Structures are given as C-alpha cells and as structure tokens.
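Enquirer: Before anything else, here's the structure in question.
The values are calculated or read from the model by the stated rules, or taken from the named source; none is laboratory data. All figures in this text were calculated on a predicted structure; none of them were measured in a lab. Note that we place each Cβ from the backbone using ideal geometry, even for glycine, and neighbour counts take in every protein chain shown. Quick note on the areas: whole protein, heavy atoms, side chains included, nothing else; ligands and nucleic acids left out. Shrake-Rupley method; radii C 1.70, N 1.55, O 1.52, S 1.80 Å.
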Amino acid sequence: MARAREERPFDVTHRGVLSIAVPMTLAYLSTPLVGLTDTAVVGRLGDAVLLGGIAIGAILFDFLFTTFNFLRSGTTGLTAQAFGAGDAGEQRAVLLRFVAIAIVAGLAVVILQHPIMAVGLPLLGATGGVEDAARDYFLVRIYATPFVLLNYAILGWFLGLGRARTGLMLQVVLNGANVGLDILFVPVMGFGLEGAALATLIAEAVATFAGAAMVIRTFSRQTKPIGVALFDLAAFRIMFGVNRDIMIRSFSLLAAFAFFTREGARSGDIVLAANAVLLNFFLVGGYFLDGFANAAEQLSGRAIGARWLPAFDRTVRITFVWSLGLALILSAAFLLTGPAIIDGLTTNPAVREMARHYMIWAAMTPLAGAVAFQMDGIFIGATWSQDMRNMMLVSLAAFFAVWWVATPALGIHGLWLALLTFLGLRGVSLYWRLGTRRRLTFAETPVATTVRPA
C-alpha cells in the first residue's frame, strides 16, 4: 500500500487533526475508570487477598494483551493507506485479515490458558491466597480474549478510516458496560472476584457485537474484496512483518518499565510505592498524547496511500505543534498540582515525602515523551515498522547505559534520568529517520492540481 497507482490530493488542517485527536483522547481517558471500579468494588469486600488477586490478574492480562497490540496499530496503518488510495476493497480485506488473526490468536490463548497461568502467576510473585484469588479471576476473564483481540482490530480499522467518533462510541460502550456490570455483579449480586472478571468478559463481547454491527453497515457501502485479494500472500507478508516489528517494540517498552519498577523495588518498599504513584503522571499524560498520535497514524497513512506529500508534511507539522504544546501544558500543570495529586493517591506520609522528592522527573515525562508519541503515530500510519523496532531497541540500550552510569552517583534520580532519556531518544531517533523515509516513499510523487479537504 505504500505506493498507490495514482495520487489523491487532500488537505490536512488543524480542525481535521482535532476531529480525530479529541474523541480518542476522551475514549482513552474513560479507560482508567474500569480499573478504578474493579479496585473499588472488590476493595469494598474488605478482603486484602481478593484485592491482591485482582491486581495480579490484571497485570498478567496487561502483559498478555501487550503481545497483540499490533492488531490495533497495524490495522490502523494499513487501513489508512488503503483509504488514502481509494481502494475500498482493500480496506475491507485489511480488516478481514486482522479479524482472522484475532480469532485464531484468541482461541489459542484460551486453549493454552492453564500453561499461561502456571507460568505467569509465579513470575508475578503470586502465592497463597493471592494466587488462588488471581487464578479464579484469570479462569473467567481469559474467555474474553477473542473478543478483546477482535475489538483491537475493529477499533484500529475505524481509526484507519478516520472515524474517531465511532472509536469513541465503541470505547464508551465497552467501558460503560464494564463499570455497570462490575457494580451489578459484585456489590449487588455478590458474585465476588469472579463477578468482576465476568463483567469484563460480557463488556468485551457487547463491544464486539456493537463494533461488528457498525462494520457490517460500513461494508454494505463498500466494494467487496475478491478472494484473491483477501488471501494475497504478499499482503499477508507485509502484515506479518509489521505485526512482528510492533510486537518487538511493545515488549521493549514493557521491558523498560518493568526494569524501572524492579530497580525501584530494590531500593525499598517506600521508593517502590513512590515510583508507582509518580508513574501515574506519565500514564495520564499518555492518555492525552495518544489522541494526537492516533491523528498522526490516520493522516500519515492516508497521505502515503494517496501518494500526496503535502498532506504528509502538514500532518507532521500540525501533530508536532499540538503534541508539544499539550505536553508543555501537562508538564506545567503537573509541576503546579503535583503535591496535591500525590496526596490524593496515597495517605502514607513516607511515600508522600519520597514522591515529592522525585516529582519533577515525573512531571517532565509528557514533555520528554511528546515527540515519541507523535513519531510513533507517523511511523505506524506509514507502516515503517522496522525503524520503530530498531529505534526502540537503540533507545532501550541507551536506557540501560544511562542507568548503569547514573545510578551509582545519583541513586533513584539516575533511574528517572534513564527513563526520561529513553522517552526522549525514541522521539529524536525516529525524527532523525523521518527525512530518509519520507524521501524514499515519495521519491516519484507527481504534482497535482486539486486538493480535497481532510
């Protein structure tokens, strides 16, 4: 899809970027409500073992589903390129290919649930009653996996078409159903930990059926892909290559934060707890910046599918301005309100004091990561996945190098310095690769005379 047969000019505007970024930001901001509700309803049962069980179970699913992040981002990039090229049949074919992968992968995870649980729970340190509780939660929620993966593909497809409002609606359906069923099953009906897992299972299924209904409506207005196109081996090779690279990137990102957490734990429970509190600054900043990353994905992919360089350049410039501007606002807000946020997240005096000591580092994470989020969006939309993989590995190596040099002298400050270096270098290194990739991709783009608005 990187080289369409003809150019299809269109314009990229601030309004067009915001029309994608704002709905998706709202969608992502609704996601933490699910975790908070899970914790709240189980926490009100008054059993710390159950609370520990749901925490361990949730982390295990986070690791598991990180493996399949490519189903969302890969679908977005390839769909956006087909959309830019005006190839409705390929748009449908992209979704159907990813749906096939989601179904096969989801069923495989369900079949392998016991080996996954047997390996995962001990690695996360679950023992005794906490391990039993986590197992009960896992054995119910695991059946949501095929629906989760299908929802990744469906959401990615609608984002690739630039239909961010549809993506917002699907996320609201998913998270709203989850919160409502949590309250119904746990405190009202007394289903306990299994009730929280069942709520997630049903919510994912509801969102899948809602998304499928919207897909069918969209399909009815599009050209049907012929069987040869649907099972095109070249297209599958491209797709699997993109998926592989994004998977390596995701695991590298996960490795950096897992190592950060482990090093905090080695410095004691107070440091571990303080770092856990401070990482919420990064997570909240990420929810905001992800919206503009989604806009960059769709518009850069569309520009490459359309073979229209001006739209690509405008996408880079506009999403850069909005991402960096938002990051500045977020970092300033965190610096001003950080102590109050810390006090709201923990009541432990020692943890509060320790978190305040390192707060400036956490407040700077949106600024350090702004270009990385934006460049991720550009490179995902363009499906330049090899560069994403390679620059992520370079940044991860730099993270370990800075940690090795800085922590003996600076302690936990050195650990935070390594994390910010990791975030910043990801953006800088991808921006460095952008020029070369841009020249190669648009080397033979002809000049057009008409422009359609995005």
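Enquirer: What number comes out for the charge environment of L415, summing +1 per Lys or Arg and -1 per Asp or Glu over other residues with Cβ under 14 Å away? Write out the running numbers ahead of the final one.
Expert: Details: positive: R262, R266; negative: E263.
Here the charged neighbours net out to +1.
Enquirer: Can you give the longest run of the chain that contains no GluC sites (Glu not before Pro) sitting in a DSSP loop with at most 14 other Cβ atoms inside 10 Å?
Expert: Here the longest segment lacking exposed loop sites spans 7-443.
Enquirer: Okay, moving on. Could you state the accessible area per residue of region 351-397 in Å², with a 1.4 Å probe and every protein chain left in place?
Expert: Values: 1450 Å² over 47 residues.
For region 351-397, the per-residue accessible area is 31 Å².
Enquirer: Restricting things to Cα coordinates, could you compute the convex hull volume per residue of the chain in Å³? Working shown, then result.
Expert: Details: hull volume 62.4 nm³, N = 454.
In the chain, the Cα convex hull volume per residue is 137 Å³.
Enquirer: Between helix 365-382 and the chain, what is the angle of the helix's C-alpha long axis to the longest principal axis, kept within 0 to 90° and rounded to the nearest 10?
Expert: Its long axis makes an angle of about 40 degrees.
Enquirer: When ligands, DNA and RNA are left out and all protein chains stay put, how many square angstrom of accessible area per residue does region 66-206 have with a 1.4 Å probe? Don't skip to the end; give the middle numbers.
Expert: On the way: 4860 Å² over 141 residues.
Roughly 34 Å² per residue, with all protein chains present.
Enquirer: Near T346, within a Cβ-to-Cβ distance under 13 Å, what is the net charge of the other residues, with Lys and Arg +1 and Asp and Glu -1? The partial results should precede the final answer.
Expert: Details: positive: R352, R356; negative: D269, D343, E353.
Surrounding charge for T346 is -1.
Enquirer: Of the accessible area of the chain, with the probe set at 1.4 angstrom, what percent is carbon plus sulfur? All intermediate terms of the calculation are to be shown ahead of the outcome.
Expert: Details: 13200 of 19360 Å².
About 68 percent, which is the carbon plus sulfur part of the accessible surface.
Enquirer: For helix 128-141, report the angle its Cα long axis makes with the longest principal axis of the Cα atoms of the chain; keep it between 0 and 90° and round to the nearest 10°.
Expert: So the helix axis and the longest Cα principal axis differ by about 30 degrees.
Enquirer: Go through 322-334, 396-408 and give me the packing order, highest mean Cβ count within 10 Å leading. Walk me through the numbers on the way to the answer.
Expert: Details: 322-334: 18.8, 396-408: 16.2.
With the highest mean Cβ count within 10 Å placed first, the list reads 322-334, 396-408.
Enquirer: Sum up the charges of everything whose Cβ sits under 12 Å from the Cβ of F379, counting Lys and Arg as +1 and Asp and Glu as -1, but leave F379 out. Walk me through the numbers before you get to the answer.
Expert: Values: positive: R249, R389, R426, R433, R437, R438; negative: D245, E297, D376, D387.
With Lys, Arg at +1 and Asp, Glu at -1, the neighbours total +2.
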